[in-house]
Amino acid sequence: MSEGRKSQVILLDDRKLDFIIQPKLTAGDLLDLVASHFNLKEKEYFGLAYLDETGHRHWLHLERRVLEHDLPKKGPLLTLYFAVRFFIESITFLRDKNSVELFYLQAKSLISKGEIECDSEVVFELAAHCLLATYGDFASEESTRNDLKSLRVIPTRILEVHPSLSYCEDKIISCYKKLSGITRGTAIVNYMTIVESLPTYGVHYYRVKDKNGLPWWLGLSYKGIAVYDEKDKKTPRRVRRAVLA
């Protein structure tokens, strides 16, 4: 009998769950195990993925056995990622507060990595809401600067276009002070409302080439399928709208 494969599932809050994946375990069963750690009721929005050698994300098919996928062969440990797979127009459609929390964590991660494109002022506003959701009302500039060091809320691209880290921190602190008095829940809702208005939110992008070998982006989202120029993920050239059955 096979001993299975050692695996680690990385969660949206960066915690890690260790598993020994047996040959007959399906991806759906593994997702159920992961979801049980959050008491997650709306797991239909979430999935498990792995990264190939080029860094591209591949989602596990829930009906298939985990080890039947074309998984990375290198290393003794298989790394999988728990994440939002199916985005929706608004978190107001979610019924479970745990789902809202996970959508928020996913958005925060995508913003910090620069995978959701937005300008500096939006980044500063989002960072302020993140500070309030994590630490509560503004206390002092010194403590806020220390908190920002651990939050990872400023994308590298934003740091590169401003004079210094201190300049960005000053902008965030100015926004943060204005939020005093609102609840954590309101901060998260406000955060998500801003993110949901951004054109690159909720889109899974895939690099493709046309028949002439020219590179494009193919974007899949709840809105449908769109094609983008290689240097512009915000403005689609063509869109095929999703049709509800």
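I need the fraction of alpha carbon pairs in the chain separated by more than 33 Å, rounded to a whole percent.
27 percent
Calculate the FRET efficiency for K24 and H56 from the Cβ-Cβ distance with a Förster distance of 45 Å, rounded to the nearest 0.05.
Computed FRET efficiency for K24 and H56 comes out at 0.95.
If you take the charge dipole of the chain about its Cα centre, with +1 on Lys and Arg Cβ and -1 on Asp and Glu Cβ, which of L60, T79, F19 is farthest toward its positive end?
L60
Under a 1.4 Å probe, what is the accessible area of the range 97-245 per residue, stated in Å²?
I get 57 Å² per residue for the range 97-245.
How much length is gained if the chain between E63 and R207 is pulled fully straight, taking 0.36 nm per residue apart and subtracting their Cα-Cα distance, in nm to one decimal?
Taking E63 through R207 to full extension adds about 49.2 nm, to one decimal.
Carbon-plus-sulfur fraction of the accessible area of the chain, 1.4 Å probe, in percent?
52 percent
Mean separation of Cα pairs under 8 Å and 6+ residues apart, divided by the residue count of the chain: what relative contact order is that in percent?
With pairs under 8 Å counted, the relative contact order is 15 percent.
Between the alpha-carbon centers of the range 58-117 and the range 163-232, tell me the distance in whole angstrom.
The range 58-117 and the range 163-232 have Cα centres spaced 16 Å from each other.
Kindly provide the helix-only [θ] at 222 nm of the chain, computed as the sum of -39,500 (n - 2.57) over DSSP H runs of four or more divided by all residues, to the nearest 500 deg cm²/dmol?
-10500 deg cm²/dmol
If you take the beta carbon distance between I225 and R95 as r and set R0 to 25 Å, what does 1/(1 + (r/R0)^6) give as a FRET efficiency, to the nearest 0.05?
Using R0 = 25 Å, I get an efficiency of 0.35.
Cross-link list K209/K234; K97/K149; K43/K171; K41/K113; K43/K149: which exceed 30 angstrom alpha carbon to alpha carbon?
Over 30 Å apart, Cα to Cα: K43/K171; K43/K149.
Mind running the shape call on the range 180-222? Use the C-alpha gyration tensor, a ≥ b ≥ c as the square roots of the eigenvalues: rounded below 1.5 for a/c, prolate if a/b tops b/c, oblate otherwise.
Prolate, because a/c is 1.5 or more and a/b exceeds b/c.
Quote the charge dipole size of the chain about the Cα centre in Debye, to the nearest 20; the model charges only the Cβ of Lys and Arg (+1) and of Asp and Glu (-1).
It works out to roughly 680 debye.
Along the charge dipole of the chain, which of L33, L105, L198 sits closest to the positive end, that is, farthest toward it, with unit charges on the beta carbon of Lys, Arg, Asp and Glu (+1, +1, -1, -1)?
Highest projection toward the positive end goes to L33.
Taking a virtual spin label 7 Å from the Cα of T183 along the C-beta vector, which residues in the range 93-127 bring their backbone nitrogen under 16 Å of it?
96-98, 100-101
Pairs of Cα atoms under 8 Å, at least six residues apart: use those to get the relative contact order of the range 120-245, whole percent.
RCO, the range 120-245: 20 percent.
Could you calculate the FRET efficiency of L17 with S164 from 1/(1 + (r/R0)^6), where r is the beta carbon distance between them and R0 is 45 Å, rounded to 0.05?
Efficiency, from the Cβ-Cβ distance: 0.70.
The values are calculated or read from the model by the stated rules, or taken from the named source; none is laboratory data. Since we're looking at a predicted model, the values are computed, not measured. Note that each Cβ is placed from the backbone with ideal geometry, even for glycine, and that neighbours are counted across all protein chains shown. Quick note on the areas: whole protein, heavy atoms, side chains included, nothing else; ligands and nucleic acids left out. Shrake-Rupley method; radii C 1.70, N 1.55, O 1.52, S 1.80 Å.
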